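Asker: Dropping the structure in here first, questions after.
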Amino acid sequence: MLFDIRSIWWLPLFIVVVVAAAILVPIPVLRQAEVHAGPVLVIDAGHGGADGGAIAKDGTLESGVNLDIALRLECLAKFWGVETEMTRRSDDITYPAEATTISAMKKADQYTRIALINSIPGAILISIHQNKYPSASPYGPQVFYGSVEGGATLAALIQANLTGQLCPSNRRGAKPIDKDIFLMRKVCCTAVLTECGFLSNPDELAKLKTPGYRLQLASIFLASYLEYIRGTAT
């Protein structure tokens with residue numbers, strides 16, 4: 001059974017506690033050398049640094065939206081005792097001296113993220129992104145999965161929960177990731193890439209810019225991850 005957030009009567013109180021914790025309590029940073037005993041939720045905020053990703057008409061950068069959702073997901077995960085790693089936690093990315101062009105910076109950043117992810121035993125990757133299209137009509141979240149076992153199952157859970165809870169009219173389904181997505185092709189773990197919505201759709205952009213909607217997205221990602229972990233443990 002998929003996780004039904006509407007059935008949790010205490011969710012508003014839970015959100016208040018989590019938001020308060022995010023404000024008052026610094027989130028501990030896990031070191032790469034730390035030994036992990038079980039599954040590790042690796043949270044990848046797509047783009048960042050010199051790479052802003054997609055840009056909405058009002059100037060909203062995909063990288064900032066991705067990071068905000070990722071940080072909320074990390075905070076929720078820690079509240080539930082879920083072990084996490086972040087591929088980035090700010091828009092400040094350090095590049096090697098030889099990376100002097102945007103293309104070189106993006107390539108170096110991708111290699112750094114891949115090396116980190118592949119170094120984590122038990123990693124399960126959720127990469128957070130936003131979509132964009134030349135016209136304003138397309139809308140709706142969509143989840144893509146890599147070739148490693150488990151990706152399709154996790155993607156289906158996230159897709160069903162995103163559609164059921166946030167966008168019932170969405171007709172998009174989970175599908176394999178395109179082979180030209182470098183990070184997803186090179187990571188060796190169960191991995192999904194989530195396109196949370198279209199920055200090119202005015203209604204969806206308005207929602208994506210609100211803290212409440214970003215928290216809903218993060219909650220659905222965590223609920224789906226926990227459902228996936230429970231299913232693989234039985």
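Asker: Here are some conditions: (1) under 14 Å from residue 87 (Cβ atoms); (2) in contact (Cβ under 8 Å) with a residue 12 or more places away in the chain. Residue 135 meets all but one. Which one does it not meet?
Answerer: Of everything listed in (1) under 14 Å from residue 87 (Cβ atoms); (2) in contact (Cβ under 8 Å) with a residue 12 or more places away in the chain, residue 135 misses just condition (1).
Asker: Considering only the stretch 130-155, state which residues are crowded, with 17+ Cβ neighbours inside 10 Å and assigned to a loop (DSSP other than H, G, I, E, B).
Answerer: Selection gives 132, 139, 140, 141, 146, 150.
Asker: So residue 39 fits all but one of (1) under 24 Å from residue 184 (Cα atoms); (2) at pLDDT below 50; what number is the exception?
Answerer: (2)
Asker: So which pairs qualify, if the first residue must be in the stretch 207-234 and surrounded by fewer than 20 Cβ atoms within 10 Å (Cβ to Cβ), the second must be at pLDDT 95 or above and outside any helix (DSSP H, G or I), the Cβ gap must be under 6 Å, and the two must be at least 6 apart or on different chains?
Answerer: Correct list of pairs: 229/39.
Asker: Has the stretch 109-131 got at least one residue that is without any contact (Cβ under 8 Å) to a residue 60 or more places away in the chain, of a type outside the set (S, T, N, Q) and touching a strand residue (DSSP E or B) at 6+ places or on another chain (Cβ under 9 Å)?
Answerer: No, there is no match, as no residue in the stretch 109-131 is without any contact (Cβ under 8 Å) to a residue 60 or more places away in the chain, of a type outside the set (S, T, N, Q) and touching a strand residue (DSSP E or B) at 6+ places or on another chain (Cβ under 9 Å).
Asker: When you scan the stretch 93-104, do you find a residue that is touching a residue at least 40 places away in the same chain (Cβ under 8 Å), of a type outside the set (Gly, Ala, Ser) and in a loop (DSSP other than H, G, I, E, B), even just one?
Answerer: yes
Asker: Pull up the stretch 156-192, narrow it to residues that are touching a residue at least 24 places away in the same chain (Cβ under 8 Å), in a helix (DSSP H, G or I) and polar (S, T, N, Q), then point me to the one that is farthest from residue 128 (Cα to Cα).
Answerer: Here the answer is 165.
Asker: Which of the residues belonging to the stretch 61-92 are charged (D, E, K, R) and assigned to a helix (DSSP H, G or I)?
Answerer: Matches in the stretch 61-92: 62, 68, 72, 74, 78.
Asker: Return the only residue of 155, 160, 123 being within 22 Å of residue 228 (Cβ to Cβ), over 15 Å from the mean Cα position of the chain (by Cα) and modelled with pLDDT of 95 or more.
Answerer: Going through 155, 160, 123 in turn, just one is within 22 Å of residue 228 (Cβ to Cβ), over 15 Å from the mean Cα position of the chain (by Cα) and modelled with pLDDT of 95 or more: 160.
Asker: Out of curiosity, is residue 185 within 15 Å of residue 144 (Cβ to Cβ) and out of contact with any helix residue (DSSP H, G or I) (no Cβ under 9 Å at 6 or more places or on another chain)?
Answerer: The answer is yes for residue 185.
Asker: Now a separate question. In the stretch 206-234, what count of residues is obtained for those that are part of a helix (DSSP H, G or I), of a type in the set (S, T, N, Q) and over 15 Å from the mean Cα position of the chain (by Cα)?
Answerer: Summing the residues that are part of a helix (DSSP H, G or I), of a type in the set (S, T, N, Q) and over 15 Å from the mean Cα position of the chain (by Cα) in the stretch 206-234 gives 1.
The values are calculated or read from the model by the stated rules, or taken from the named source; none is laboratory data. All values reported here derive from a predicted model rather than from experimental measurement. FYI the Cβ positions are ideal-geometry reconstructions off the backbone, even for glycines, and counts take in every protein chain you see.
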